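All remarks here apply to the structure that follows.
Every number here is computed from the coordinates shown, using simple stated rules; none is lab data. Model, not experiment: these values are computed from the prediction. We place every Cβ from the backbone using ideal geometry, glycine too, and count neighbours over all the protein chains shown.
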Amino acid sequence: MMAIASEQQTVDLREPSGWRRSKNQIATVGMWVAFVVMLVPLGFVLFTVIGKGASAITWQFLTGNIPINVLPVTFGGVGPAVYGTLVITGFASLMAIPLGVLGGIYINEYGGNQVLARVINFFADVMTGVPSIIMGLFIFTIWVLHFGYSGFAGSLALACLMLPIVIRSTYEMLRLVPDSLREASYALGATKARVTLTVVLPAAIGGIVSGALLAVARAAGETAPLVFTILVTQTLNKNLFSGANTALSTLIFQNATQPYTGAQARAWGSALTLIAIAFILMIVARLITARFARYDR
Amino acid sequence: MSIAAKADPATPAGSASPLTKRRPFGDRSFQVLCLAAGLLVLIILALIAISMTQQSTTWFTTAGWSGVFSTNWDPAHNAYGALPFIYGTLITAAIAIVIAFPVSLGISLLLTEVLPGRFARPVVYVIDLLAVVPSVVWGLWGFLVLAPWLQKIYQSIASGLTGVPVLSTFFGGTSVSGTSFFTTGLILAIMITPIVTSLSREVIATVPTIDREGAYALGATRWEMIRGAVWPHSQAGVVGAVLLGLGRAMGETIAAALVIGSSATITTHLFNPGYSMPSVIANEFGEATVGEFRSALIGMGVLLFVLTIIINLSARAIVDRSARRTRGA
């Protein structure tokens, strides 16, 4: 009797026993479920935005003037908002990307192990976590209160948002450039600035550009920094430096709570335009990384 | 000479050259330019703190400690208590984390432990897609599509739970609405999932292969290997990632402004409308043209700034400490 019982208890070492195997399978299924849970809202929002926005998109919609809210979507368009988004984001990029790249260069090339460089790197990282609304309020207090609302104030707020992102991504990319490249250029007698600008930077340019584009994509969709700085208007304002301006994101924010179907349809059309801009920037960034990045993580 | 330049980047090769004793002007000015760009980060952060605190002193001095942390929000009668908004910010961020944490952890484990590289890449693309959908689009969708749909579900849950002791305190209530704390928490969860996922994935990817192989060699299943080798190693980093996600959730403005329901009330009923700090600033700023009202809104911005800075600093400290310990081991 005893011998038979112990014989039955012999475990099969090749495969985990029943409960252990089931637990493992439950865990794997759980991970897949998590992935599906993430896919559902993404699919749902893309489906809705394309379904409701695609019919609105025409050339007239992208360039026409914003009509009063009661008019259906076939009248006019969101031209001033498209213009505002492109110009405000473009100007923000013009300020933030060069400064961000220079800041990244400082941290990696000049800072070394100095305390100051480490502090700047640390706070750039912390600054990426500062909510975008704070940047809007900040520019409101130091710029708008003195110089009034303008598209430029919006650019400043977006630039504050982009700066730490560009600094961090530049730093991460420069870190990947091997020291042998720098040493070879120093051996030829080049100065540090020349080494950085003509050897190190070109070696990392793919990653830096794609990081910058991702920052632009994020800034283009931001609403909170603009609400406090550009004071939304409905008419086209070509002057970036004075007077209220408008953007796609603020237009969506305004029109979302409008009861009129025309205004809502314009919001959906603008949402699709905004998502398209962000996606295109992201895809271009990916292509650049794939094509030009010599040192990828 | 070149090796010295590498070891100490502060004294670049040019300065040690016997041919040119002094570094050329262009070389030095480029260094100064880079330093100035780097310092801009510190200057902006300092200016944010100074200028916003300055603009909000009216509120802090007039309302005082008890006024700021009171529940009474009534701009028409000059009562600006921020407690309902602080409560709303914390509760919606908490809901977001409770939902986003398991999902993000699951996806990052799927990416690192289950899927081989070439299958993981498309999943990463999908996460990136989720990350670039603008906040205002989530808000538009949440307000016009999700909230009306959830309203019916909330109502049937709330009526089904009438009289049930604990659950009805959270999911019951009479003024159940589609735009509520819970809807906001859901939207915030969707929005922070990409960042929590990618940060956790980076942390989990640093687990040494030898630890994994060791666990497998002892006969562990994949799940036992994750529990025994991956989790102890990446626990602190994942906590840091979750904290960073929490900071993002607290500061999220536009989506919350559209779906939170805009009602300055403190209630345990999660299906009721509420308010949060960033959303009240965005919604009311246009009306607050002058005086204590505007000061109170900017003051709430200061509270939010301090809160997110503290969360970010502690998250960074946790991640750095765990990274150092890992490298040391």
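Relative to the Cα centre, what is the charge dipole magnitude of region A:165-297, using +1 at the beta carbon of each Lys and Arg, -1 at the beta carbon of each Asp and Glu, and rounding to the nearest 20 debye?
Dipole magnitude for region A:165-297 comes out near 180 debye.
Taking neighbour Cβ counts within 10 Å as the exposure measure, how do B:268, A:28 sort from fewest upward?
B:268, A:28
Residues of region A:254-270 with backbone nitrogen within less than 17 Å of a virtual label 7 Å along the Cα-to-Cβ line of residue A:50, please, listed as ranges.
A:268-270
Give the relative contact order (percent, whole number) for chain B; include only Cα pairs under 8 Å separated by 6+ residues.
25 percent
By count of other Cβ within 10 Å, fewest leading, how are B:34, A:160 ordered?
B:34, A:160
I'd like the projected area of region A:19-132, averaged over all directions, using the convex hull of its alpha carbons. Report it in nm² with one decimal.
If I average the Cα hull's projected area over directions, I get 14.2 nm².
Arranged by the count of other C-beta atoms within 10 angstrom, fewest first, what order do B:89, B:58, B:193, A:58 take?
In increasing order of surrounding Cβ atoms, one gets A:58, B:58, B:193, B:89.
Along Cα→Cβ, 7 Å out, is where each label goes; now give me the distance between the ones at residue A:33 and residue B:320 in nm to one decimal.
Roughly 3.9 nm, to one decimal.
Which whole-number percent is the relative contact order of region B:211-329 (Cα, under 8 Å, 6+ apart)?
So the answer I get is 30 percent.
Among B:261, B:173, B:87, whose Cα sits farthest toward the positive end of the charge dipole of chain B (+1 at Cβ of Lys/Arg, -1 at Cβ of Asp/Glu, about the Cα centre)?
Projecting each Cα onto the dipole axis, the largest value belongs to B:87.
Hydropathy at least 1.0 by Kyte-Doolittle, axial extent at least 27 angstrom from the Cα trace: which helices of chain A, defined as entire DSSP H runs, fit?
A:79-105, A:151-176, A:201-220, A:261-292
Can you bin chain A into rounded, prolate or oblate? Criterion: square roots of the alpha carbon gyration tensor eigenvalues sorted a ≥ b ≥ c, rounded for a/c under 1.5, prolate for a/b above b/c, oblate for the rest.
Here chain A falls in the oblate category.
Based on the Cα atoms of the protein assembly as shown, what semi-axes does the equivalent ellipsoid have, where each is the square root of 5 times one gyration tensor eigenvalue, given in whole Å with the largest first?
Values for the protein assembly as shown, descending: 39, 38, 24 Å.
Can you tell me the relative contact order of chain A? Whole percent, Cα pairs under 8 Å, sequence separation 6 or more.
That works out to 26 percent.
Once label points are set 7 Å from the Cα along Cα→Cβ at both residue B:218 and residue A:175, what is their separation, rounded to one decimal in nm?
In this crude label model, residue B:218 to residue A:175 measures out at 3.1 nm.
For chain B, give the magnitude of the charge dipole about the Cα centre (Cβ charges: +1 Lys/Arg, -1 Asp/Glu; no others), in debye to the nearest 20.
In total the dipole reaches around 1120 debye.
Give the distance, in whole Å, between the Cα centre of region A:86-141 and the Cα centre of region A:15-77.
That distance is 32 Å.
How many angstrom lie between the C-alpha centres of region B:267-329 and region A:261-289?
28 Å
State log₁₀ I(q)/I(0) for region A:252-295 at q = 0.13, 0.14 Å⁻¹ as given by the Debye formula over alpha-carbon point scatterers of equal weight, solvent excluded.
For the requested q values the scattering log ratios are -0.44, -0.47.
If you wrap region A:77-128's Cα atoms in a convex hull and average its projection over all directions, what's the area in nm²?
Value for region A:77-128: 4.2 nm².
Hey, could you pull the Cα Rg and Dmax for chain B, both in Å?
Spelled out, the Cα radius of gyration and Dmax of chain B are 25.1, 89 Å.
Could you give the angle, 0 to 90 degrees to the nearest 10, between helix B:83-109's Cα long axis and the longest principal axis of the Cα atoms of chain B?
The helix B:83-109 is inclined about 50 degrees to chain B.
Taking amide hydrogens as modeled 1.01 Å from N in the peptide plane, which residues meet the under 5 Å criterion relative to residue B:80, leaving out close sequence neighbours?
So residue B:80 has HN proximity to B:74.
Lysine pairs in the protein assembly as shown with alpha-carbon atoms under 23 Å apart, 8 or more places apart or on different chains: how many are there?
Number of lysine pairs found: 4.
Taking R0 as 45 Å, what's the FRET efficiency between residue A:25 and residue B:202 from their Cβ-Cβ distance, rounded to 0.05?
0.95
If you average 1/r over all unlike Cα pairs in region A:152-283 and invert the result, what Kirkwood radius do you get in angstrom?
It is 17.4 Å.
Could you estimate the translational diffusion coefficient of region B:133-190 from the Stokes-Einstein equation, with Rh from the Kirkwood formula over C-alpha pairs, at 10 °C and 1.306 mPa s, in whole µm²/s?
Diffusion coefficient, whole number: 132 µm²/s.
Between helix B:117-132 and chain B, what is the angle of the helix's C-alpha long axis to the longest principal axis, kept within 0 to 90° and rounded to the nearest 10?
With both axes taken from Cα atoms, the answer is about 50 degrees.
Among B:285, B:249, B:233, whose Cα lies farthest out toward the positive end of the dipole of region B:222-329, if unit charges sit on the beta carbon of Lys, Arg (+1) and Asp, Glu (-1)?
Of the candidates, B:233 comes out farthest on the positive side.
Mind checking the dipole of the protein assembly as shown: about its Cα centre, +1 per Lys or Arg Cβ, -1 per Asp or Glu Cβ, Debye to the nearest 20?
That gives the protein assembly as shown a dipole magnitude of about 1300 debye.
Which distance in Å, rounded to a whole number, links the C-alpha centroids of region B:198-240 and region A:174-202?
38 Å
Quote the FRET efficiency, to the nearest 0.05, computed for residue B:235 versus residue A:119 with a Förster distance R0 of 30 Å and r equal to the Cβ-Cβ distance.
That gives a FRET efficiency of 0.60.
If I model a spin label at residue B:79 and residue B:169 as a point 7 Å from the Cα along the Cα→Cβ vector, what separation in nanometres do I get?
According to this spin-label approximation, the distance is 2.6 nm.
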